[in-house]
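Note sheet for the following structure.
The values are calculated or read from the model by the stated rules, or taken from the named source; none is laboratory data. As the structure is a prediction and not an experimental result, all values here were calculated from the model. Every residue, glycine as well, gets a Cβ built from its backbone with ideal geometry; the counts of neighbours run over all protein chains shown.
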Amino acid sequence: MKFTTRKELEEYTALLRERENPKRILVCMGTGCLAKGAEAVYEKFVEVLGAKSLSASVVFEKEEKSSFPLCPTGCMGICETGPRVRIEPQGIQYLRVRPDDVEEIVERTVEKGEVVYRLVQQEATNGQVRYWPLMRDDPFYRKQIRLVLRNCGSINPENLDEYLARDGYLALAKVLTEMTPDDVIGEIMKSGLRGRGGGGFPTGRKWQLARMVRANQKYVVCNGDEGDPGAFMNRCLMEGDPHSVIEGLAIAGYAIGASEGYIYVRAEYPLAVKRLRKAIQDAYAAGLLGENIFGSGFSFNVHIKEGAGAFVCGEETALIASIEGKRGMPNPRPPYPAQKGLWGKPTVINNVETLANVPIIILKGAEWFRSFGTTTSPGTKTFALTGKVKNTGLVEVPMGITLRELIFEVGGGIQGDKRFKAVQIGGPSGGCLPEAYLDLPVDYDSLCGAGAIMGSGGLVVLDEDTCIVEVARFFMSFTQSESCGKCVPCREGTKHMLSILQKIVDGRATLEDLELLEETALVVKDASLCGLGKTAPNPVLTTLRYFRDEYIDHVVHKVCPARVCQAMREFWIDPDKCRTCGKCARVCPVACISGRPKVPYVIDQTKCIKCGSCFEACPFDAIVVRWRRKDNE
C-alpha cells in the first residue's frame, strides 16, 4: 500500500494491530545467532510447523489465530547463548537451540504450553538450580529499559508491516502534518538527547546550528561506521530495526531542511546493509520516502554508502571525505559540518542510536524521555557487554545506572567467579576504571570526570588474570594502526607510545621510559587534529593513573602479576625428568640449551629469549615454566 496522507497510515496501522496474531515463534536471525546455526533452526521450524499445519504464511491474518507464525528477528540480547528462540505471547525464551530441539519445542510448548526447562536460562547456586523461562524474569533483562531496542528481537526487520504495527512512521507523519521544523528541533532540545556516538553533543543544538545556515541544499548523515573492537550495538540496531533509523534520519532531514540523507555503514556488516536496502526500498514503495511525503511538500531520499572499515572514518570530517570519494582523513574545525560539510553544504551527522531515539521522542514527548536517565544525560544507552563477564551481549540500560549494576546484575558477574579487576569503557579511545569506581554512575559527565568516555558503547570487563599493561598495549596497537597519518602528534606519538609499551611488556623498559610514555600521551592528547588522536592516549593515561603499581612491577621488578607477558617467564629443565634426548636443544633458535647424553640439559637464562620452543618440543614434560616474582615474594 502507498500512503498519500497521514490518515491512511493511521487507519492501516489500526488494521494491522487488530489483525495481528499474538501467537508467534520468534527466531533470532542476527549475525551472532546466524554464526551459531540459527538458519538451520529456522528451517527446521518451517519443516515441523508445516508438517503439523501450524504455520501461517502471514503474521497479520485474523482467521489464522490458531496458527503460530514464524518470525525471523534481529538480536535478542544475550548473544553468547544463541541461537535463541522466544514463544509468544507467554514470552518463553530458549537458549542454544539446535535443530534437534525444534520438534520438542513445538510439541511441548507450542501445542501444550509446557516449558522445556533444559533449554531455558538457569543458574546453579549452593547446589540448587533456578530457572528463568520468561524473558521478563531473566536477571539479564530485569534492569534493562528497551527504548532504542524496543523492536529488536520482536519483529521481522524485513517486514514493513511489523514496524508499522508498532507506531512505525507515525512520528514522521506527525512532524510533517502538525509541526514546524523549529517545533521538531525544540522538542529534541527539550528532551536533552545527546549524541550516542561518543561525544555526547546535544542533538537538538546540532540540528539548530544547521537549520540556521542558509543553503540551497543540506544533508543529513547516519554514522553507522562502528569501528571499536568488540562493539556491535549499531550493527544489531541496523539489522534488527532498520526502519527506526531511516525514520529518525527523515525527521532530522525535515528539521534542518535537508532533502538528501546518507547512511554510512561499513561493508563488513553485510546483513545490516542488506536489511537497510530492503527497508529503504519498502519505504519508497509505501510513499514514506521520496517525493511529497504525506502530501506535505517535503521530499526526502536516502542513500547507502558502504565504508571500507577505516576506524578514522567514524570522525565526522573523515566520514564526509569518504562519502565524497576521497581518502577518509579528518579536516580542521571550524568550519563544522553543520556549516560546511558534505560537498560544502550544511550537514548534520548523527549516530545510529541517536537517530533511533528520535521517533519515540516525537511520539511520546520530551518529558516522557527525560523520565529515564539523569538530568544531564536523559534516556538510555546501549552497550556491547563483553569480556570476562558471564552474560555477554547487547544491553540497553538507563543512564545513571552504576557500573556495578551493569556488570554484576545485568552481566551476571565475572566468569568463573573470579575477582573483578577493571572495566574498559568507551572502546580503544576509552579508559580503564578499577574496582573503586564500580559505583560510578554511567553517564557522560561522571565518566569524563573519571578519565573515561562513554564512547559509542563498547564495554569490556577484565578479571584478575588480565595484564593491564598488555591491555593498554593492545588498544594502542589498534589506534596506531588506524591512525590516518595526517597529523604528526597522532602519527608519530601513537607509534612512540606503542614502542614504549612493547618495551615494558618485553621487560626492557626503565623508569625513564615510563615517564616518557606519560609525557608523550599528554602531548598526543593535546595536539592531535581529530578525536581519534585526542582520545587515543586514554587507555594509557587511565591505566597509569589507576594501575601504576602494575607498570612499576613490569619496569622495576620485571614481573607480570597476571602472568601474561611472556618475557616475564623463565624456562628450566627438571633434571629428574630430562631424558637427554636433545630435542629441546635442536629447536632452540638461540642455542642457549646445552647438555650431552646421560647428563641433564640446562638452559642459559642470560641467552634465553622466552620463545617456548623447548617447552613445546619436549616429549617428557621436563621443561618447567616459572614466572618471575618480586624479590620480597
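Hey, can you tell me all the residues within region 226-279 that are part of a loop (DSSP other than H, G, I, E, B) and at pLDDT 95 or above? Within region 226-279, 241, 257, 258, 259 qualify.
Read through the list (1) of a type outside the set (D, E, K, R); (2) free of Cβ contacts under 8 Å to residues at least 40 places away in the same chain; (3) part of a helix (DSSP H, G or I), then give the number of the only condition that residue 606 fails. With (1) of a type outside the set (D, E, K, R); (2) free of Cβ contacts under 8 Å to residues at least 40 places away in the same chain; (3) part of a helix (DSSP H, G or I) applied to residue 606, the lone miss is (3). Scanning for something more than 30 Å from residue 20 (Cα to Cα) and surrounded by fewer than 23 Cβ atoms within 10 Å (Cβ to Cβ), does region 150-160 turn up at least one residue? No - not one qualifying residue is present in region 150-160. Taking the criterion of being part of a strand (DSSP E or B) and buried (at least 22 other Cβ atoms within 10 Å of the Cβ), the only residue of region 434-458 that qualifies is 458. For region 446-460, the count of residues that are over 26 Å from residue 524 (Cβ atoms), of a type outside the set (Lys, Arg) and in contact (Cβ under 8 Å) with a residue 40 or more places away in the chain is zero. Inside region 33-54, residues that are within 32 Å of the chain's Cα centre (by Cα) and either assigned to a loop (DSSP other than H, G, I, E, B) or touching a residue at least 60 places away in the same chain (Cβ under 8 Å) (or both) make up a count of 5.
Identify all residues within region 235-261 that are of a type in the set (S, T, N, Q) and over 24 Å from the mean Cα position of the chain (by Cα); write none if there are none. If the condition is that a residue be of a type in the set (S, T, N, Q) and over 24 Å from the mean Cα position of the chain (by Cα), then 259 is the only one that fits. Residues in region 73-124 that are closer than 15 Å to residue 392 by Cα and in a loop (DSSP other than H, G, I, E, B): 75, 76, 77, 78, 82, 83, 84, 95, 96. Applying the criterion of being of a type in the set (Lys, Arg) and touching a residue at least 12 places away in the same chain (Cβ under 8 Å) to the residues of region 236-289, the residue that is surrounded by the fewest Cβ atoms within 10 Å (Cβ to Cβ) is 277.
When region 489-543 is filtered for residues that are crowded, with 19+ Cβ neighbours inside 10 Å, among the hydrophobic types (A, V, I, L, M, F, W, C) and more than 15 Å from residue 429 (Cα to Cα), the ones remaining, listed by number, are 500, 501, 504, 505, 509, 514, 517.
For first residues located in region 138-158 and closer than 11 Å to residue 76 by Cβ and in contact (Cβ under 8 Å) with a residue 40 or more places away in the chain, partners that are of a type in the set (Ser, Thr, Tyr) and buried (at least 19 other Cβ atoms within 10 Å of the Cβ) and lie 6+ apart or on another chain with Cβ distances below 7 Å form the pairs 149/382; 153/73; 154/73. Summed over region 177-204, the residues that are within 26 Å of the chain's Cα centre (by Cα) and either closer than 28 Å to residue 428 by Cα or not hydrophobic (A, V, I, L, M, F, W, C) (or both) give a count of 14.
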